[in-house]
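Have a look at the structure below, then the notes.
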Amino acid sequence: MDEILAQIFQIGFFAAMIRIATPLIFATIGELFAERAGVLNLGIEGIMLLSAMVGFSAAYFSGSLWFGIAAAMAAGVLSGMLMGLLTVTLGLSQHVSGIGVTLLNSGLAFFLYRLIFGQPSMPPNIVAFKPVAIPLLSEIPVIGPILFNHHALVYAAFILVPLAAFILFRTPWGLNLRTVGENPHAADGAGVNVAATRYQALMLSGALMGVAGAFLSMAQFNAFTFGVISGRGWVCIALVVFGQWSPWRAAGGALLFALIDALQLRLQANSYIDVPYQVFLMMPFVLTIVGMALVSRNARAPAALLMPFRKEER
Amino acid sequence: MSAPTPLLAMRGIGKRFGAVQANRDVDLTLLPGDILGLLGENGAGKTTLMNILFGTYSPDEGRIEIDGRPVEIHNSAAAIAHGVGMVHQHFHLVPRHTVLENLLVGRKGRRGLLDKAAAAKRLEEIGRHFQLVLDPDRLVGELTIGEQQRLEIIKALFSGARILILDEPTAALTPQEADGLFDALRAMAAEGMGVIFISHKLHEVRAITSHVMVMRLGEVVANLENAPEVSQAHLAELMCGHELTPPLKPEKQPGRPLLQLRDAATDAAGRTNLADISLEIRAGEILGIAGVSGNGQRELAEVVAGMLPLSAGSLAIDGAAVPQPSATVMQALGVGRIPEDRMGTGLITSLPLSDSMVLPRIGAAPFSRHGILDRHAIRAFVEAQIERFGIKADGPEIRAGTLSGGNLQKALLARELAWDPLVLLAAQPTRGLDVGATRFVHEQFLDLRARDRAVLLISEDLEEIFTLSDRIAVMYEGRIMGILPIAEADVRRVGLMMAGMADAA
Amino acid sequence: MIRMRLERRDSTPAWLNLALPVLAVLATLVLCSGLVAMAGANVWTAYSKLFLSALDSRSHIVETFVKAAPLIFTGLAVAVAFRAKFWNIGAEGQLLAGAMAAAFIGGREGLPAWSMAPLMIMAGGLAGGLWACVPAILKTRYKVDDVVTSLLLNFVIFYAMTALLDGPWKDPLSGYPDSPDIRMDAEFPILLERTRLHLGVLLALLAAPAVWWIMRRTSLGFAIRAVGENPVASRYAGIGTGAVIMMTALLSGALAGLAGVGEVAGLHFQVMSGISPGYGYTGIVIAMLARLNPIGVVPAALFFAVIVTGAESMSRATGVPVFLAEVIQGAALLTMLVALLFTSYRVRIARHG
């Protein structure tokens, strides 16, 4: 048993955990912005999938990974605007709109990928993001290789969490956004444009989901496959609930999920344990559901979540 | 000397919602230092007019001038920029934000950050100037209703309002709290601000305003100076267009107790919990519950409706204890229930009217047998009720939400009275209804009283309580401060009890 | 300045109810024609392939009905659940539960042949229903958002199923992760010779009016609608909203489970990992297009069966990727959602001077 544990909890294991957490952090923070503004963005799974495809294709043809990221973010922003059109301008059911956006985006991702690349025998791939070791810091024993020898996007995720908390709680835009999500009438009464704020939140949310999707196809797997997201978007929605709509706690939840995911990857590779690998794939989903059940009863969702805002409604 | 430039002039305002003409050719003038009372029944168009001034609705016709210059107000930001501030009847506050955060919503920051220091300073200045003091770091959810209203007024002043609109500002205040509000308003008028005070409480309008404008069915029917010779009765007539006579309430000897609560208490999280509630209502009696909103009336109603369990004490109907009250049990025991929120809790507005009418008894005969609906019985029942109560509806299949407030309430009453309840629980039964519908509802209560039934009337409308009740119980912070026979009750005494002062007499 | 504004309608004209899905589909096809053109195909040719190849012969028409059967079941499952505002996005997983239960029963020796079909139907319905109760319990008891849990549970049961197919339940004679075939006498009878039209298709066609009857003519259906439209008023009137949600979940999950039963007992005679190419998700689109009306589910399901079948031939003939069918599903859901706006609102154009 000790041998198994020693084999699992190596430096590489924790570095893998950080890497797995990165797209989750991006997408979770993205979802958090949308929900804080009062819109449940169930388009997340499809937005991530489409962005993964767009980012990969853009990088493949331009040869620039950063151009790929930008293209993925643009796809995310556009999807966010579509979500805004449906749920904000038209005030339609956020549940059904989000599912529709996911179905549409997934279909588009598959369709466009097939259109661009056809059905090659070998899936096309790109030279993925390379780790950038941060001078000095990466040489600290144990912590250095775990934290400071990663893709640039991983560092960006580290910065994103405090930045998101800062924007939400210290800036006028963040306060307006939270007010729109708690009581849109109060925000409107104070001269805040509720619709514009929700659109902005959804576009930002889409951009961050775009980065998350692109990370998966451009840093984690260096190719686009139809199963590249496989439920990670839905998990991020759960993480927002689990994190009680706080960027810090949601990021903590993402790390916890990543820990479980990294663990299952290790256990899969471990020859001592004779369990079908699918059981390990299943584990993170089961634990996510259990986690949600534990916190949801006391969850304090933004008060206006799921509520459309129509000014002239009587 | 020419007349001073009006602070505000609205000219020829018209606004239509679907088939309803909410405002028609309305003119309104406000001079610096004016406190204008805007009077009218529910649905007279007062709130619509003010929402137009505040940019929430855009008018179909007419124009607005501020300081003599025409202005376009398409949204609340523009209204605020022109110095218009509004305190809504339902506060526009975020309970999970602090006082200071609520003040900072919609304001520009300093170098991209929230400018909390400057806001705190301004809050303190306003506090000193107008006697409106609040702790900047308290969560708004923890403030009392009076404090929340103070915050709303501070919010308006904070954004530089010179024209302050207050929509039914005293609805949730004790008479004494209302006096404090009036002092602040007078101080503002003295500084050359203009105040528009929307109300249907005549005595308050008489007490505080300099001018009165009366609206009816979307139109202005009178504009008068608030002079001593203007009587409340005259204003009331202007408001509803005909003379008011109180309904007939004959003397009556109460019979056996039909509803009894003994030492009842609740312990629900986040609610105003009841403590030591003991009361009884006898056959042929109407018991009125008075109190400032949020002092446990809602919880009391839920207990009697079987929606909120007791943590201590007992509940009895017609002399028999009810060990496990629930919605089903209370209905089976003969408790008719009119909930406070008729659209949200009473009826299902998005479904046909008939669905709402049979909802509580759908699982049993005559409406269903072995789980299969008897559609003929349902239709016959609903048609009979529409007929009996004169509900204006295009047949049983019309979507309930298309009915007017008065007809919705009639439908709800019909549903509950059809099964001849022993006890009728009625929470805010006439809120938002016009004079005719109110009258109808009151007649139903008096009819129940005449037929030896018991009525528990929970209302924030003191006039309604005084008109109908045989006895008045006053609630404060989940307790009953006292129960007065109608003969011994007067507004001052009840007002003091509503403010939590034990009855002196 | 001209501004558009939405105004509430008091009633919906009857013709709109039929016109809206048609309009939504037409709008979808117009929107998607851009993609077809992008693929370098003639829009007219591609669309005629897409729609007509599934209808150009008797055998193709029959095959379309076979394809529609699971879609009718999942469409009904979603329609029932959404009526109660129980956001069951888990029809996909409930279908798998039903398929596995049917295959398990179908592989049992020692049961009389006549009992096989009813037992498989009951077991599959029960399995799907119970699986749907998981998100329902989480919703009613723990206040967990049902969309997310029902979605995540799809992954859970999918991995559980593939683990079984890869391990203890793997057919020793097959090189693939498939379950052993069910007994020959457990297979659903074929209703039309030399076709694949099996009993499950008939069951699906009968299920639609049955569900309609439950929703319109029983007190359970009444309660489902009431709870969906206003749970607060329903609870106040004494309806046990939690129990109604559970009943809805059982019914919805059972219907989805029957989709799996039909696929196993009528078509594949075994469970394999690809047994559902997303029937559960297509069911959402079908239910919305049918405006949650059980009868409307049948034409909507047939429509998507046509598209899914036609997409293959369209792709072969014109080179337009077969995934156009998926795009159409997503786009149709959204256009229908927008179209539904016109049932309760009308657009008013206001001119400002």
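Only the coordinates and a few stated rules stand behind these numbers; no lab work does. The structure displayed is predicted, hence computed values, not measured ones. Here the Cβ positions follow ideal geometry from the backbone for every residue, glycine too, while neighbour counts run over all protein chains shown.
Kindly indicate which of A:A109, A:A74 is more than 16 Å from A:P308 (Cβ to Cβ), touching a residue at least 12 places away in the same chain (Cβ under 8 Å), of a type in the set (G, A, S) and surrounded by fewer than 20 Cβ atoms within 10 Å (Cβ to Cβ). Give the steps one after another, and end with the answer.
Details: A:A109 fails: surrounded by fewer than 20 Cβ atoms within 10 Å (Cβ to Cβ).
From the options A:A109, A:A74, the qualifying one is A:A74.
In region B:197-221, what residues are assigned to a strand (DSSP E or B) and either of a type outside the set (V, I, T) or closer than 14 Å to B:G45 by Cα (or both)?
B:F197, B:I198, B:S199, B:H211, B:M213, B:V214, B:M215, B:R216, B:E219, B:V220, B:V221, listed by residue number.
Among the helices (runs of 4 or more DSSP H) confined wholly to region C:168-245, which include 1 or more residues that are within 17 Å of C:A117 (Cβ to Cβ)?
By residue number, C:199-217.
Looking at A:S230, A:S205 in this structure, which one is in contact with a Gly (Cβ under 6 Å, 6 or more places away or on another chain) and of a type outside the set (D, E)? Give the steps one after another, and end with the answer.
Numbers: A:S230 fails: in contact with a Gly (Cβ under 6 Å, 6 or more places away or on another chain).
Going through A:S230, A:S205 in turn, the sole match is A:S205.
From the residues in region A:33-63 that are touching a residue at least 60 places away in the same chain (Cβ under 8 Å) and not in a helix (DSSP H, G or I), which one is nearest to the other protein chains (Cβ to nearest Cβ)?
The qualifying residue nearest to the other protein chains (Cβ to nearest Cβ) is A:L42.
Against the condition under 28 Å from the mean Cα position of the chain (by Cα), under 30 Å from B:M215 (Cβ atoms), more than 9 Å from chain A (Cβ to nearest Cβ) and not in a strand (DSSP E or B), how does B:L49 come out, does it pass?
yes
Condition check: touching a Pro at 6+ places or on another chain (Cβ under 8 Å) and more than 14 Å from chain A (Cβ to nearest Cβ). Does C:A208 satisfy that?
Answer is yes for this residue.
Looking only at region B:129-181, which residues are polar (S, T, N, Q) and closer than 24 Å to B:L30 by Cβ?
The answer is B:Q131, B:Q149, B:S159, B:T170.
Which condition breaks for B:S159 when tested against (1) in contact with a strand residue (DSSP E or B) (Cβ under 9 Å, 6 or more places away or on another chain); (2) closer than 17 Å to B:V292 by Cβ; (3) hydroxyl-bearing (S, T, Y)?
Checking B:S159 against (1) in contact with a strand residue (DSSP E or B) (Cβ under 9 Å, 6 or more places away or on another chain); (2) closer than 17 Å to B:V292 by Cβ; (3) hydroxyl-bearing (S, T, Y), the one that fails is (2).
Given the conditions (1) within 19 Å of B:N102 (Cα to Cα); (2) away from every other protein chain (no Cβ under 13 Å); (3) crowded, with 21+ Cβ neighbours inside 10 Å, which single one is not true for A:P184?
Tallying (1) within 19 Å of B:N102 (Cα to Cα); (2) away from every other protein chain (no Cβ under 13 Å); (3) crowded, with 21+ Cβ neighbours inside 10 Å, A:P184 fails exactly one: (2).
Among the candidates B:I153, B:I163, B:I126, single out the residue that is more than 11 Å from chain A (Cβ to nearest Cβ), under 20 Å from A:N183 (Cβ atoms) and in contact with a helix residue (DSSP H, G or I) (Cβ under 9 Å, 6 or more places away or on another chain).
Checking each option against the conditions leaves just B:I153.
Please list, ordered by first then second residue, the pairs with beta carbon atoms under 7 Å, 6 or more apart or interchain, first in region A:155-174 and within 11 Å of chain B (Cβ to nearest Cβ), second outside any helix (DSSP H, G or I) and hydrophobic (A, V, I, L, M, F, W, C).
A:R170/B:L113; A:R170/B:L114; A:T171/B:L113; A:T171/B:L114; A:P172/B:L114
For region C:271-288, which residues satisfy the criterion of being under 14 Å from C:A208 (Cβ atoms) and either β-branched (V, I, T) or over 11 Å from the mean Cα position of the chain (by Cα) (or both)? Step through it out loud before you land on a result.
Within region C:271-288, the subset under 14 Å from C:A208 (Cβ atoms) is C:283, C:286-287.
Across region C:271-288, the qualifying residue is only C:I286.
Of everything in region C:211-238 that's buried (at least 23 other Cβ atoms within 10 Å of the Cβ) and aliphatic (A, V, I, L, M), which residue is farthest from the other protein chains (Cβ to nearest Cβ)?
So, considering only residues that are buried (at least 23 other Cβ atoms within 10 Å of the Cβ) and aliphatic (A, V, I, L, M), the one farthest from the other protein chains (Cβ to nearest Cβ) is C:V211.
May I ask you to verify whether C:L302 is surrounded by fewer than 24 Cβ atoms within 10 Å (Cβ to Cβ) and either within 12 Å of chain A (Cβ to nearest Cβ) or touching a residue at least 40 places away in the same chain (Cβ under 8 Å) (or both)?
Working: surrounded by fewer than 24 Cβ atoms within 10 Å (Cβ to Cβ): yes; either within 12 Å of chain A (Cβ to nearest Cβ) or touching a residue at least 40 places away in the same chain (Cβ under 8 Å) (or both): yes.
Criteria met by C:L302.
Could you check region B:222-335 for strands (runs of 3 or more DSSP E) lying wholly inside it with 2 or more residues that are more than 25 Å from C:I239 (Cα to Cα) and of a type outside the set (A, V, I, L, M)?
Where strands (runs of 3 or more DSSP E) fall fully within region B:222-335 and carry at least 2 residues being more than 25 Å from C:I239 (Cα to Cα) and of a type outside the set (A, V, I, L, M), they are B:257-265, B:277-282, B:285-290.
Go through B:Q385, B:Q428 for me and flag whichever is at positive phi and crowded, with 18+ Cβ neighbours inside 10 Å.
Working: B:Q385 fails: at positive phi.
None of the other options fit; the residue is B:Q428.
I'd like to know if region C:270-280 contains one or more residues that are assigned to a helix (DSSP H, G or I), within 12 Å of another protein chain (Cβ to nearest Cβ), over 25 Å from A:T89 (Cα atoms) and not polar (S, T, N, Q).
Checked region C:270-280: at least one residue is assigned to a helix (DSSP H, G or I), within 12 Å of another protein chain (Cβ to nearest Cβ), over 25 Å from A:T89 (Cα atoms) and not polar (S, T, N, Q).
Here are the criteria: (1) more than 8 Å from chain C (Cβ to nearest Cβ); (2) surrounded by fewer than 20 Cβ atoms within 10 Å (Cβ to Cβ); (3) hydrophobic (A, V, I, L, M, F, W, C); (4) more than 26 Å from the chain's Cα centre (by Cα). Tell me which single one B:V358 does not satisfy.
(2)
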